[in-house]
Amino acid sequence: MTDHIELDQTIGFTIPARHARGRLVRLGPVLDEILAAHAYPPAIERLLAEALTLTALIGSTLKDPSGQLTIQAQTQAGVVKLLVCDYRGGDLRGYVQFDADRLAEAPEEPTLFALFGEGYLAITFDLAETGERYQGIVPLDGETLAEAAESYFAQSEQIPTLINFGVTRDPAGHHVAGGLLLQHLPEGEIGRERLHVRHDHPEWEHVAILGRTMGADELTDAAIPLETLIWRLFNEEEEVRVQTRSDFRKGCRCDAAYIAGVLAKFTNEDRREMADEHGMIHVDCAFCAKSFPVPAESAAL
């Protein structure tokens, strides 16, 4: 199996002279663990792997350690009914609801439009420290989830952004995904014109051109240290500040005690209606595909 040293990790960096920041992620065992719970068809499996990579890229930029990022994509009439991924403190989880019959009619490697049709992408930031919640919703335009996310930052945040990722499987059948996020940060006083929010600004064009040279083969090569990828892209810059690495884990938060607490919020009558003939309430977790039987009476405590 691929060496885990360069897997399930992220590293951030800034380029002060270009007013830019970036982040690299590379996922491996955490993808295998999340995907193994569902036995998705290849097209759906790849879609979720890409969505988890995107979630890891954006979520790991949160400065609030208790904050949560949620990415949700859905449509009214597409193959994919709902895709949900979230990140909190290094924990990743995600799942997909889809129409198997319609997927069987789709091409072997369906486009984003073939999967979602007229779909929408919602990105939500929940900041625990301040209690603030931000959400942006954009059409699922473009050919990839990366392009849809770039549209989100352009429209909702007015931040020029480049996102690139790739997903592959190693010879042993294990998933490897890598991603690159680059952003040009606004400069200027609040209430006045911000100087660096133009997508055609020379500083941003320079950073974006370099970022586009990084291919999926390099992003997914676990033998290449993440710091080496940063050096390959920006070794000619006068200064690149590299941050400390952090790790990713599968982070489903379901357990019997939590579910019992949720059920306790329902009335006794509601719980009796949920229970089977043995007085058990069966709660399924969409994220980890586990079923939790909870006695209706214990949920009332």
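The values are calculated or read from the model by the stated rules, or taken from the named source; none is laboratory data. Keep in mind that this is a model prediction, so the values were computed, not measured. As a convention, Cβ positions derive from the backbone with ideal geometry for all residues, glycine included, and neighbour counts pool all protein chains shown. Surface areas here come from the heavy atoms of the whole protein model, side chains and all, with no ligands, DNA or RNA. Shrake-Rupley method; radii C 1.70, N 1.55, O 1.52, S 1.80 Å.
Suppose the chain between residue 64 and residue 223 were pulled fully straight at 0.36 nm per residue; how much longer would it get relative to their current alpha carbon spacing?
Result for the pair: 54.2 nm of gain on full extension.
Return the carbon/sulfur percentage of the accessible area of the chain, one whole number, probe 1.4 Å, all protein chains in place.
49
Using Cα pairs under 8 angstrom and six or more residues apart, how large is the relative contact order of region 1-131, in percent? Spell out each step's value before the answer.
Working: 213 pairs, mean separation 28.9, N = 131.
Result for region 1-131 is 22 percent.
Separation between the residue 239 and residue 280 pseudo-spin-labels, each 7 Å from Cα along Cα→Cβ, expressed in nm?
6.2
Could you grab the relative contact order for the chain? Cα pairs under 8 Å, six or more apart, rounded to a whole percent. Can you show the working numbers first?
Working: 604 pairs, mean separation 68.0, N = 301.
The normalised contact order for the chain reaches 23 percent.
Among (i) 44, 27, 16; (ii) 47, 20, 16; (iii) 36, 22, 20, which one is semi-axes √(5λ) of the Cα gyration tensor in Å computed from these coordinates?
From the options (i) 44, 27, 16; (ii) 47, 20, 16; (iii) 36, 22, 20, the structure gives (iii).
In the structure shown, do any of 81/250; 81/265; 250/290 have a Cα-Cα gap over 25 Å, and if so which?
Over 25 Å Cα-Cα: 81/265.
Ignoring ligands, DNA and RNA, what accessible area per residue does the chain give at 1.4 Å, in Å²?
Per-residue accessible area for the chain comes out at 51 Å².
How would you order 275-284, 21-30, 215-224 from highest to lowest mean count of nearby Cβ atoms within 10 Å?
Put in order of decreasing packing, that is 21-30, 215-224, 275-284.
Highest mean first, what order results for 177-183, 69-75, 161-167 on Cβ atoms within 10 Å?
Put in order of decreasing packing, that is 177-183, 161-167, 69-75.
Output the peptides 125-131, 41-47 sorted from most to least packed, where packing is the average of other Cβ atoms within 10 Å over each peptide's residues.
Highest to lowest by the protection proxy: 41-47, 125-131.
Just to be sure I understand the model, the point goes 7 Å from the Cα along the line to the Cβ. What's the resulting residue 82 to residue 267 distance in nm?
2.5
With each run of n ≥ 4 DSSP H residues scored as -39500 (n - 2.57), what mean residue ellipticity at 222 nm is computed for the chain after dividing by its residue count and rounding to the nearest 500 deg cm²/dmol?
-7500 deg cm²/dmol
List the residue ranges in the chain for DSSP H helices whose C-alpha atoms run 18 angstrom or more along the long axis and whose Kyte-Doolittle average is 1.6 or above.
Passing helices, by number: none.
Among 128, 15, 96, whose Cα sits farthest toward the positive end of the charge dipole of the chain (+1 at Cβ of Lys/Arg, -1 at Cβ of Asp/Glu, about the Cα centre)?
The Cα lying farthest towards the positive end belongs to 128.
Please check: in the Gaussian network model of the chain (C-alpha springs, under 10 Å), which one of 171, 202, 110 has the largest mean-square fluctuation.
Ranking 171, 202, 110 by mean-square fluctuation puts 171 first.
Where both partners of a DSSP beta bridge lie in the chain, what percent of those bridges are antiparallel, to the nearest 5?
Counting only bridges with both partners in the chain, antiparallel ones make up about 95 percent.
About its Cα centre, how strong a charge dipole does the chain have in debye, to the nearest 20, once Lys and Arg get +1 and Asp and Glu get -1 at the Cβ?
Computed charge dipole of the chain: roughly 560 debye.
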